[in-house]
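Structure first, then comments.
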Amino acid sequence: MSSLRRHFDDVILPMWTGSGFNSSLGLPYESLSGDVREPLPVQRYRAMACARQLYVYATARGEDYHAHAARLFDALLHYFRDVKHGGWRYSVDAEGRPLDERQDLYTHAFIVFACAAYFDRCHRADARQVMLQTAQQIEGQFRTADGTYQAAMSADWTQVMAGPAQNPIMHLTEAYLAAARVAEPAWFAQKLRRTAQEVADTFLHASALCITEAPTRAVDNAIEPGHQFEWYALLANAPEVFADLVLPVTLPRGCIWARERGVMPKSSGVCAALREDGSISDPTQRIWAQAEYARYLAVLGDWSALSIHLTQFQQRFLHAGGWHECLDSEGQLVRADMPATTPYHLATCYAALPESQ
């Protein structure tokens, strides 16, 4: 809808080049207060947040935003690149000094994704180089012998800090799809197909046909409806890459299961998490899940449900000063700040909406 895009262009984009941006360091603040839109006390800056902001401004219209993307790209390299060990540190402190130096797959995936968008916008050779080098590091350091990926490694790559989890692998899929559009399509397609099969083998719930958050053998596992919708949009936008694999066949049915149990009929709000039996374990409604449901409905072509959902989304989550990050099941605000990572979800959602709406 045009009003959603206007809100993004007029409110959100200027916010993160203004009060949301630390011009002395060249980094986006982690979060702004929801009332006065001022930075919350700084404890850290994350590479992932910087990369998500790079994606947003690399894909935004306007030369000023093009220049801002360049500042973010340069800051990403300056603060977060681990020259000693290769890869990328997770975070720096309030003065820009290394803080958390673990090697995090989620972070690496967003660096590939952001650099693909930035290279597509500016054609800087170093952005393409960073994108390809990071992808090679991911394959060489995070991928396990059985074909899936560890979620986190120590700074020197010698210790596994966290085992396989679906969320970083999903964003790696998103990143490789974006990278394949600007470089080495055959190489990325090969990795994507192998990853999709490993996700089906490791995370696909047998009865719900949903992708679980942890490997299916885990105790007290969770199913997040928002992630089902996000996976659906990724796979549906590249059918030639995933042809004849299990996930494109099962995921539409998994989305129906998640939609029936995790989307509230009255508000069209998407809950945060379900148990494996389909009962709600976390009723919180996070803005990113609402955006992913809208993207799913747009890709699916369910225009009636999309119209209802976007109306509710705009009324419940957006306001003149920005957005509400989390609401409870009754629509009451439960998180008042606005994180720097959220505009990425809005940008990818709005890009999937019909231009005429």
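The values are calculated or read from the model by the stated rules, or taken from the named source; none is laboratory data. Please read these numbers as outputs of a predicted model, since none were measured by experiment. Backbone-built Cβ (ideal geometry, glycine too); neighbour counts: all protein chains shown. These area figures cover heavy atoms from the full protein model, side chains too; ligands, DNA and RNA do not enter into them. Shrake-Rupley method; radii C 1.70, N 1.55, O 1.52, S 1.80 Å.
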Q: Any residue in the stretch 334-357 that's at pLDDT 95 or above and acidic (D, E): show its pairings with residues that are surrounded by fewer than 16 Cβ atoms within 10 Å (Cβ to Cβ) and part of a loop (DSSP other than H, G, I, E, B) at Cβ separation under 9 Å, as long as the two are six or more apart or on different chains.
A: D337/S33; D337/L40
Q | One residue from L25, L76 being among the aliphatic types (A, V, I, L, M), under 20 Å from P339 (Cβ atoms), open to solvent by less than 10 Å² (accessible area, probe 1.4 Å) and touching a residue at least 24 places away in the same chain (Cβ under 8 Å) | A | L76
Q.
I'd like the full set of residues that are surrounded by fewer than 16 Cβ atoms within 10 Å (Cβ to Cβ) and either free of Cβ contacts under 8 Å to residues at least 12 places away in the same chain or not in a loop (DSSP other than H, G, I, E, B) (or both), limited to the stretch 12-21.
A. P14, G18
Q | Residue in the stretch 157-203 that is most open to solvent (accessible area, probe 1.4 Å), counting only those that are part of a helix (DSSP H, G or I) and small (G, A, S) | A | A186
Q. Of the residues Y149, Y176, Y118, which single one is within 21 Å of the chain's Cα centre (by Cα) and under 20 Å from E101 (Cβ atoms)?
A. Y149
(Q) Could you go through the stretch 193-205 and let me know if any residue there is among the aromatic types (F, W, Y) and touching an Asp or Glu at 6+ places or on another chain (Cβ under 9 Å). (A) yes
Q.
Considering only residues that are out of contact with any Gly (no Cβ under 6 Å at 6 or more places or on another chain), open to solvent by less than 30 Å² (accessible area, probe 1.4 Å) and part of a strand (DSSP E or B), which ones fall in the stretch 288-340?
A. L318, G322, W323, C326, L327, P339
Q: Report, by residue number, each residue of the stretch 147-156 that is in a loop (DSSP other than H, G, I, E, B) and open to solvent by less than 40 Å² (accessible area, probe 1.4 Å).
A: G147, T148, Q150, A151, S154, A155
Q: From G278, G226, grab the single residue that is part of a loop (DSSP other than H, G, I, E, B), out of contact with any Leu (no Cβ under 8 Å at 6 or more places or on another chain) and under 23 Å from A305 (Cβ atoms).
A: G278
**Q.** Residues being over 16 Å from I211 (Cβ atoms) and open to solvent by less than 50 Å² (accessible area, probe 1.4 Å) - total across the stretch 237-263
**A.** 4
